[in-house]
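To start, the structure itself, in structure tokens.
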């Protein structure tokens with residue numbers, strides 16, 4: 001099988017990851033640990049943590065990982081300051097699985113439409129919970145261009161609002177949703 005090297009695409013496919021947190025120290029650490037590989041490969045250029053008054057070590061984890069940490073912000077300013085041309089909105093605790101780096105690099109080089117990860121086959125909520133709660137807006141993350149996000153942004157908007165009602169293509173890479181990390185506490 002021929003291996004395709006997407007590294008040359010990364011310079012065009014720089015990605016900013018944005019998360020909202022409130023007392024999510026362990027979940028944030030898990031997500032950031034997964035994102036390290038994307039940073040090493042040159043895909044992830046920026047991680048932004050938007051905090052809602054955490055009283056735990058969320059700010060220390062973000063600082064240690066080199067994230068930009070905000071306790072007060074305007075989403076429009078955050079989006080304009082994003083270093084990447086594409087944004088990945090995820091919940092703290094979510095963890096992209098094997099192959100996500102190459103797939104996102106290829107996707108953003110060939111597409112303009114938003115995308116979401118595929119739900120992890122290994123971590124599914126029980127049927128009754130899926131029926132009752134449905135899928136949360138960012139449960140599968142949201143990959144969208146910076147330009148699309150800026151066009152949709154309104155002052156006071158939360159990240160989940162970017163995902164509500166927005167259709168997105170499905171990436172083949174799986175995402176372990178954040179509720180798995182929260183349930184393990």
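Read-outs throughout are calculated quantities, based only on the coordinates presented, and are distinct from any laboratory measurement. Remember, predicted model here, so these are calculated numbers, not experimental data. Methodologically, a virtual Cβ is constructed for each residue, glycine included, from the backbone with ideal geometry; neighbour enumeration extends over all protein chains shown.
Observations, loosely collected:
- Cα Rg over Rh - region 7-183, Kirkwood: 0.93
- Taking 0.36 nm per residue of separation and subtracting the Cα-Cα distance, full extension of the segment from residue 97 to residue 110 would add 2.6 nm.
- Take the Cα of residue 41, step 7 Å toward its Cβ, do the same at residue 147, and the gap between the two points is 2.5 nm.
- Region 96-185: projected area of the alpha-carbon convex hull, averaged over directions, in nm²: 7.1 nm²
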